[in-house]
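I have placed the structure first, in the form of structure tokens, so that the comments after it can refer back to it.
The values are calculated or read from the model by the stated rules, or taken from the named source; none is laboratory data. All of these numbers come straight from a predicted model, not from anything done at the bench. We place every Cβ from the backbone using ideal geometry, glycine too, and count neighbours over all the protein chains shown. Ligands, DNA and RNA are excluded from the accessible area calculation, which covers all protein heavy atoms including side chains. Shrake-Rupley method; radii C 1.70, N 1.55, O 1.52, S 1.80 Å.
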Amino acid sequence: MKEASLLDDIMATDVIDTHTHLAGDHLCAEDFWEIADYFWLNRELQSAGYPPGAGSLPEEKRIEAFLNAYHVSRNTLMNIAFTTILKDLYGVKLTDAASVREADERIKAHRKDPGWAQNVADRLHVRRFTVNHPQHASFEGMGHDALLFPRIDGWLPKLVGQILQSDRREEALEQAKEQVRKQLGEYQEMGCPGIMTTLPEFEASAHETYRIGRDSRSDEVLFMLLHEACAELERRGMFLQLFLGVERRWGSASAAPVNDPLRVVRLYGFFEKYSIPFELVTAAELSNLDVVQAAWNFPNVHVGGMWWYNFRASTYTQSMQYRLEALAPAKSSLIVSDARCIEWTYGKIHVVKRLLAGFLDEQVAKGWMDREFALYCGAEWLYGSAAGRYGLKGRE
């Protein structure tokens, strides 16, 4: 007899959203367009003819253009997530202009409910969210504030630039290192368990020893400062979340995922030298195996959620297979919503939970694991792994 699907159990499993752009004083969408204009949905709608400058159109024309693109792109993953948001949270099926206006009215009405953000989070059992800016961490109307992992890619490249522009580079490097140590100390005093940074394209390797000089490249100087940061994080018992795979050097229109086969192995020197937890989040499809290999090679390396162009059913399923075959569940986290309003955390996490349940159902059906272990795996991937790294286990 075929066992029942794990879907209901997975939908009821706790979640930590390990990367959002939520702002604590503006968690809920103000209106229909704040949900509909989400960058990732818009990219897919534009491939179906939705004009990039649709926001400047008269309302009737804007709605018409949106619906035309929406109806012919129902196959795309963001469209599916968006449809789920409207159906589950607002009880609206988008068919015509009247349904758009109905959705808009309901979104505006719920926005006034001080408990709406918590209501949305509770529907999929999302227990904690993370943000990267201190001013966003106080979550109004919710049971917990966000976990704060300050991002250092706002100020770290500036230090690199100051060093390269200095006539006294050795002195400038030492001053920059002191600034790194000071800033990380301030983050710890704020209660932050770790930090986050993206990394642009680089050819430096963490296992190499670089000396500051007139011929030093910017990526070499960056790695010198990252070594200082890792050493200080180790001293303070903090972790480093690395976001990889997006580059902006190929034109002005948009960032792009770049499958650099050496990107992750060039970081091995950090993983080997410092005992801090590293969480690797990638936006490039071919890096999904690379980050799993790194986590297999180094006990202190963990695989994070799927970011940017990796948020697709095919890459999720493939990455889950990589992880299942190589890593204990406590080494992996799945959820990176990248959401800018609470409603999009619902839509995207709902999609991931559906994919996860289907994947685990297949593993049980094929006899690779029993139902009990499948649920354990799902619980670690959705919550437990991140909770351990972030210091939440035993406190909630």
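Before moving on, here are some points about what is shown:
- Residue list for segment 345-375, filter: among the basic types (Lys, Arg) and open to solvent by less than 20 Å² (accessible area, probe 1.4 Å): Lys348, Lys353
- Selection status of Leu22, open to solvent by 10 Å² or more (accessible area, probe 1.4 Å), within 20 Å of the chain's Cα centre (by Cα), modelled with pLDDT of 95 or more and within 20 Å of Leu124 (Cβ to Cβ): no
- Here the condition is being part of a helix (DSSP H, G or I) and open to solvent by 70 Å² or more (accessible area, probe 1.4 Å); of Glu186, Glu140, it holds for Glu186 alone.
For every residue, the table says whether it meets (1) within 28 Å of Ser254 (Cβ to Cβ); (2) open to solvent by less than 20 Å² (accessible area, probe 1.4 Å).
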{"residue": "Glu3", "(1), (2)": "no, no"}
{"residue": "Met11", "(1), (2)": "no, no"}
{"residue": "Thr18", "(1), (2)": "yes, yes"}
{"residue": "Leu27", "(1), (2)": "yes, yes"}
{"residue": "Phe32", "(1), (2)": "yes, yes"}
{"residue": "Ile35", "(1), (2)": "yes, yes"}
{"residue": "Tyr38", "(1), (2)": "yes, yes"}
{"residue": "Gln46", "(1), (2)": "yes, no"}
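- When we screen Thr345, Thr282, Thr317 for residues that are touching an Asp or Glu at 6+ places or on another chain (Cβ under 7 Å), within 28 Å of Asp122 (Cα to Cα) and not small (Gly, Ala, Ser), the only hit is Thr345.
- Residue in segment 239-263 that is most open to solvent (accessible area, probe 1.4 Å), counting only those that are under 21 Å from Thr315 (Cα atoms) and aliphatic (A, V, I, L, M): Leu262
- Residue check for Glu174: under 23 Å from Gly213 (Cβ atoms), acidic (Asp, Glu) and surrounded by fewer than 18 Cβ atoms within 10 Å (Cβ to Cβ): yes
- Residues that are assigned to a loop (DSSP other than H, G, I, E, B), of a type in the set (D, E, K, R) and surrounded by 15 or more Cβ atoms within 10 Å (Cβ to Cβ) within segment 82-124 are absent altogether.
- Failed condition for Phe311, given (1) free of Cβ contacts under 8 Å to residues at least 60 places away in the same chain; (2) under 15 Å from the mean Cα position of the chain (by Cα); (3) open to solvent by 10 Å² or more (accessible area, probe 1.4 Å): (1)
- Residue within segment 336-350 that is of a type outside the set (Ser, Thr, Tyr) and more than 16 Å from the chain's Cα centre (by Cα) present: no
- Residue within segment 243-257 that is closer than 19 Å to Lys177 by Cα and in contact (Cβ under 8 Å) with a residue 40 or more places away in the chain present: no
- Residue check, Leu392 over 17 Å from the mean Cα position of the chain (by Cα), under 19 Å from Val15 (Cα atoms) and surrounded by fewer than 19 Cβ atoms within 10 Å (Cβ to Cβ): yes
- Taking the conditions (1) under 23 Å from Ile85 (Cα atoms); (2) free of Cβ contacts under 8 Å to residues at least 40 places away in the same chain in turn, Trp344 satisfies each one other than (2).
- Residue match in segment 61-78 (condition: β-branched (Val, Ile, Thr) and surrounded by fewer than 17 Cβ atoms within 10 Å (Cβ to Cβ)): yes
- Flag if Val281 is crowded, with 23+ Cβ neighbours inside 10 Å, under 18 Å from the mean Cα position of the chain (by Cα) and within 24 Å of Val180 (Cβ to Cβ): yes
- For segment 321-344, the criterion of being open to solvent by less than 10 Å² (accessible area, probe 1.4 Å), among the basic types (Lys, Arg) and either farther than 15 Å from Ala295 by Cβ or in contact with a Lys or Arg (Cβ under 9 Å, 6 or more places away or on another chain) (or both) is satisfied by at least one residue.
- Subset of segment 189-238 that is assigned to a loop (DSSP other than H, G, I, E, B) and hydrophobic (A, V, I, L, M, F, W, C) - its residue that is most open to solvent (accessible area, probe 1.4 Å): Met190
- Within the option set Trp344, Trp308, Trp296, being on the phi > 0 side of the Ramachandran plot and hydrophobic (A, V, I, L, M, F, W, C) holds for one residue only, Trp308.
- For segment 149-170, filtered to residues that are in a loop (DSSP other than H, G, I, E, B) and open to solvent by 40 Å² or more (accessible area, probe 1.4 Å), the residue that is farthest from His227 (Cα to Cα) is Asp167.
- Where helices (runs of 4 or more DSSP H) fall wholly inside segment 293-396, the ranges with 3 or more residues that are among the aliphatic types (A, V, I, L, M) are 313-326, 342-365, 371-379.
- Search result, residues across segment 260-305 that are over 17 Å from Cys230 (Cα atoms), touching a helix residue (DSSP H, G or I) at 6+ places or on another chain (Cβ under 6 Å) and among the hydrophobic types (A, V, I, L, M, F, W, C): Ala283, Leu289, Val292, Ala295, Trp296, Val303
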